[in-house]
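Engineer: Quick one: this structure, given as structure tokens, is what I'll be asking you about.
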Amino acid sequence: MTGLRSWLVRRVLLGAGQTVAVVLLVFALTEALPGDAAVALAGDQPDPGRIAAIRETLHLDRPAHERLAAWAAGLLHGDLGTSLTSGRPVSSYLADGFGPTLLLAALTLLLLVPPAVGLGVLAARHEGRLLDRLISSVTLAVYAVPEFAFGVLLLTVFALRLGWLPPTAVGYGDDLLAHPAALVLPVVVLLSRPVCSLARLVRAGMIEALASPYVAQARRYGIPGARLRYAHALPNALAPAAQQLARTVDWLLCGVIVVEALFVIPGLGTVLMNAVAERDVPVIQGLAVVFGCTAVVLNLGADLGTYRLVPRTAVAA
């Protein structure tokens, strides 16, 4: 227990440092964006005097370190800032887009583990044979295709040519569960790469576990094959997959942005894209910090899960 406590303290301190780094990096990157909200608000033919007045009104003329200090102080009190273009709190943008994004991510994670584990175990059971080579080749090929390209391909075939599924979520509003057909293509795109990467990790872990001395000893005791695979080998094979699952959630934060833009889903990705187009820096910063801090928390949880599965590995880390 003492070892777990000291490990947890180290990981929490590391997570706090990562959170501070995320805040500083987000501010630096948004400062590097070309143009600003004053130019966007000034219209198609901006007048320099009007731009200067808007910048003064929005406090964009203040030095960067002062704006960073004010923004960081607000974050410590749970204030993500206020939109420069609409005057709305950034938290209201999060509330608007949270539902569709959470739905896509939850469906993806819910459907992710069974096929990934099943394919990995199936490939490991037939190591070196035709089925193993087929699964490995297909998963490697699908993983190599970028989400946007795969989404365009599915949209072209199943929505535009065959007409089986709607091409976008336009007209459905925020209640996407009432129109499940609009979720099929986005969820398939989000599932494609994580299923492949997790399946390959589970395959490698299962092959290693099935060749281990404790499994050989279990065989000598007459433990049946199914129990041997799923009760003894599989839990040890899932330790590296737990870390990959956390990285998958990180990836989902980026993948959802692409998918929402492609299929016109009104989630956080769409909010972020609109904010970038309008140079609405507080909204960009608020969403980026939320995404970054979520990634830090999820990785901390994955580290804890790996520690519980394989304590020695966690302590060594």
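The values are calculated or read from the model by the stated rules, or taken from the named source; none is laboratory data. Because the structure is a prediction, the values reported are computed rather than measured. So basically every Cβ, Gly included, is an ideal-geometry build from the backbone, and we count neighbours across all protein chains shown.
Engineer: Do we find that Asp96 is among the acidic types (Asp, Glu) and modelled with pLDDT of 85 or more in this structure?
Structural biologist: No; evaluated as a whole, the condition is false for this residue.
Engineer: Output the residues belonging to the range 76-94 that are in a helix (DSSP H, G or I) and in contact with a strand residue (DSSP E or B) (Cβ under 9 Å, 6 or more places away or on another chain). Steps first, please.
Structural biologist: Taking the range 76-94 and keeping what is in a helix (DSSP H, G or I), we get 76, 90-94.
Across the range 76-94, the qualifying residue is only Val90.
Engineer: Separate question: Here is a list: Ala116, Ala169. Which entry is surrounded by 15 or more Cβ atoms within 10 Å (Cβ to Cβ) and either assigned to a loop (DSSP other than H, G, I, E, B) or without any contact (Cβ under 8 Å) to a residue 24 or more places away in the chain (or both)?
Structural biologist: On the way: Ala116 fails: either assigned to a loop (DSSP other than H, G, I, E, B) or without any contact (Cβ under 8 Å) to a residue 24 or more places away in the chain (or both).
Going through Ala116, Ala169 in turn, just one is surrounded by 15 or more Cβ atoms within 10 Å (Cβ to Cβ) and either assigned to a loop (DSSP other than H, G, I, E, B) or without any contact (Cβ under 8 Å) to a residue 24 or more places away in the chain (or both): Ala169.
Engineer: It is to be established whether one or more residues within the range 120-128 are surrounded by 13 or more Cβ atoms within 10 Å (Cβ to Cβ) and either of a type in the set (S, T, N, Q) or under 19 Å from Ile257 (Cα atoms) (or both).
Structural biologist: There is no residue in the range 120-128 that is surrounded by 13 or more Cβ atoms within 10 Å (Cβ to Cβ) and either of a type in the set (S, T, N, Q) or under 19 Å from Ile257 (Cα atoms) (or both).
To keep it simple, each residue is scored yes or no on (1) over 16 Å from Val90 (Cα atoms); (2) crowded, with 18+ Cβ neighbours inside 10 Å; (3) among the hydroxyl-bearing types (Ser, Thr, Tyr).
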{"site": "Val256", "(1), (2), (3)": "yes, yes, no"}
{"site": "Val259", "(1), (2), (3)": "yes, yes, no"}
{"site": "Leu262", "(1), (2), (3)": "yes, yes, no"}
{"site": "Leu272", "(1), (2), (3)": "no, yes, no"}
{"site": "Val276", "(1), (2), (3)": "no, no, no"}
{"site": "Asp280", "(1), (2), (3)": "no, yes, no"}
{"site": "Leu287", "(1), (2), (3)": "no, yes, no"}
{"site": "Leu298", "(1), (2), (3)": "yes, yes, no"}
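Engineer: Given the conditions (1) in a helix (DSSP H, G or I); (2) modelled with pLDDT under 85; (3) not aliphatic (A, V, I, L, M), report the number of the one that Ser137 does not fulfil.
Structural biologist: (2) is the only condition that Ser137 fails.
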